[in-house]
């Protein structure tokens, strides 16, 4: 008898019919003999509707009250899903984040889970019920309602799985799993059967949207096995877990891309110690997330500094840059919003030195110019022109043989490093 | 510095504009130097929309889950009202029933408040905030969310006022106060400035819809002064409190009417001891509320029993009656849904014996036939034909001089008992 946590997002519970379908899936797991916990999001557009109500009242509502408002979205879903299970003749109980023992810090609208007090969930499971938990929300130790921010329901599901010692945390979504590339860009992209936390973290951080980064970090830190799968069929999806010998030993697991960032360049900054610290200190003070950084030292004793940042942070970033350019006596600065980042992710990279060379050569042959490059032990990312992102993804997917199911380290005809 | 609880119903908070108007009214009270607590209902049709969502899933949803669902309605209102106050530059804090310390029993969908743990509300008031409490909901000692049933927000407001030792509990509504008759029926009906708990209880029980019976009972039991007033103007409304010498000494305070009941008659029941106990025991077992009862003993050793019951209970009532008729060997039974009840309420009745005589004479002169009569120390109710209810109300309002402001005991030209 396994203990299974199943997480369903807003589109999976967006109508009475879909709620009934989710109820049937939970019951099927129960009928297989499992102990079953569901973690659910607000239905469909409910969160957007609540945000619109808040905006009709206030341009800048207090974050505590936003949490009070938004937490109702998931509470509606859990009640209706419990009713759906009841009409099908099974016993369920809905629990708010507070009731489920999801203890968070007090950072409203982006709280972090601190602890799961699982006793009430455990009691309900022991009494044979299917337990329905509201995702995305928690309660502080002072009794304040919080929300967890973007991707919060995934994180709730993983945290609940960790708190209950669940065998698996199934994340139901509208795709069949994690793919070697975005199937909308590369039609021959194939589903990955199993992937390590490290690789999944890199893929989530560089554009794979199927799992939120925070939930993967949480899963890695607590050893929770994630199963990403479709809510529309019964096929096996992608298992995310600690790397082991059962995993396919691909050098490259996937190609990701991201068009949500912009590039900012500051030119002719005096090249003296502490200049970079000054620039990025100001950006940090302005709460700007910085991704890639490049500094080119010129001959004339000045330097150019470029960095990428989410477009969402661009207003704050340009304000900070304008100030620092003036203070430093730099010549000028510019913003390029027409960039994309394409990344190769694969644990095999560590032991196969030719990956970068093949990546750069393939992109060059396809006429794709590289603007910036950054690497980690298991990832290489290149900034390119936004209008070349599709050709870059397809080129790399082909160059590394990702469309073939038999791409295995050392034996692949397309394996790099030779 | 007074402590004031203000309660606003669904129509008063039904749109962003109305929420802002409520916020301004709360701020005005705060600016006058008062400590201010608001108790609010779900906005406009929100509760009906939630009920529709539940019905789309289940014909008979578990009551615990209904409470989980419905409690979100008020939670949305409190968050938005706190945002509205914030945008106007004042400090507010919203509290769910659980956070406000509204402890109830565990009878889902019609829970009763057991205790108010007021410390968190007090702390928020002490810090200078306007406190916004979700009406209609509570938390059991086991941490289960409950709702209080019909009129629950009025009861929450009175209970919060009692728990905080508030100086007054203001119930804001869409009329100017409690009237001597329903102004839609009798245009000369006048607002009552002050009325005793006992009279208000009788009026609420016999058709005055402005205050829910339970909230008046709670107010009487805890000595909470209620001020019923309009949310659309600043006029003084009706004060409900313990009878005292400052109150207008009217013999009759008002005429009420009620068309929500039906009459059930069982004919030719064997007239032996215990028959009435058998009939009404069955009805009680079937959870049927019985209002008025009349038993006519016939000459032939049989008896007719008639009673009135809310039309909402009629399906259960007829089922119980059908069974008991068979068991007792009664001849037949019938249901009349075309009845109305018209009542006179007044504390002065106790000391003025002519009230009943004038009531019956006035109705007879107006051609209104009386079907059933019941009385309490301060009320006389008559069942009449439904299509005569308007003429009956107008006749009694005029006969007891209620349209005149100067109707005072002993001196009124229309006073009965002479």
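A few remarks follow.
- Based on Cα contacts under 8 Å between residues 6+ apart, the range B:3-173 shows a relative contact order of 30 percent.
- Inter-copy label distances at residue A:3 (7 Å, Cα→Cβ; nm, one decimal): 4.4
- Mean-square fluctuations from a GNM of chain B, with a 10 angstrom spring cutoff on Cα atoms, peak among B:130, B:391, B:171 at B:391.
- Relative to the compact-globule estimate of 2.2 N^0.38 Å, the Cα radius of gyration of the range A:3-173 comes out at 0.98.
- Chain A holds its axis-closest Cβ, relative to the rotation onto B, at the residue and whole-Å distance A:72, 2.
- Cα centroids of the range A:51-105 and the range B:321-392: 49 Å apart.
- Fewest-first ranking of B:302, B:259, using other Cβ atoms within 10 Å as the exposure measure: B:259, B:302
- Legend: calculated FRET efficiency, residue A:114 to residue A:55, from the Cβ-Cβ distance at R0 = 35 Å, rounded to 0.05, equals 0.70.
- Projection of the Cα convex hull of the range B:261-336, averaged over all directions and equal to a quarter of that hull's surface, yields 4.3 nm².
- With label points set 7 Å from Cα along Cα→Cβ, the inter-copy distances at residue A:364 are 11.6 nm, sorted shortest first.
- The GNM of chain A, with springs linking C-alpha atoms under 10 angstrom apart, assigns the highest mean-square fluctuation among A:204, A:357, A:98 to A:357.
- Candidates B:299, B:278, B:31, ranked by Gaussian network fluctuation over chain B, Cα under 10 Å, top entry: B:299
- Order of A:245, B:403, A:236, A:74 - criterion: other Cβ atoms within 10 Å of each residue's Cβ, fewest first: A:245, A:236, B:403, A:74
- Sum of -39500 (n - 2.57) over DSSP H runs of 4+, divided by residues of the protein assembly as shown (222 nm, nearest 500): -10500 deg cm²/dmol
- Enclosing the Cα atoms of the protein assembly as shown in their convex hull gives a volume equal to 199 cubic angstrom per residue.
- Distances from residue B:184 to itself in the other copies, using label points 7 Å out along the Cα-Cβ axis, amount to 5.2 nm in increasing order.
- For the range A:2-17 versus the range B:198-241, the gap between their alpha-carbon centres in whole angstrom: 46
- Cα-based Rg and Dmax for the range A:246-418, where Dmax is the largest Cα-Cα distance (Å): 18.4, 57
- Fraction of the pair-distance distribution of the range A:3-55 above 18 Å, Cα-Cα pairs, percent: 40
- Proxy reagent accessibility, fewest Cβ within 10 Å first, across B:397, A:352: A:352, B:397
- Between residue A:332 and residue A:373, residue separation times 0.36 nm minus the direct Cα-Cα distance comes to 12.5 nm.
- Relative to the longest principal axis of the Cα atoms of chain A, helix A:213-222 runs at roughly 70 degrees.
- Cα gyration tensor shape of chain A, rounded if a/c is under 1.5, else prolate or oblate by comparing a/b with b/c: oblate
- Part-to-part distance (alpha-carbon centres) for the range A:243-263 and the range A:279-320, which is given in Å: 26
- Principal-axis tilt of helix A:16-31 within chain A, Cα atoms, nearest 10 degrees: 70
Here, each number is a calculation from the coordinates, and none is a lab measurement. Note that this is a predicted model, so its numbers are computed, not measured. Note that each Cβ is placed from the backbone with ideal geometry, even for glycine, and that neighbours are counted across all protein chains shown.
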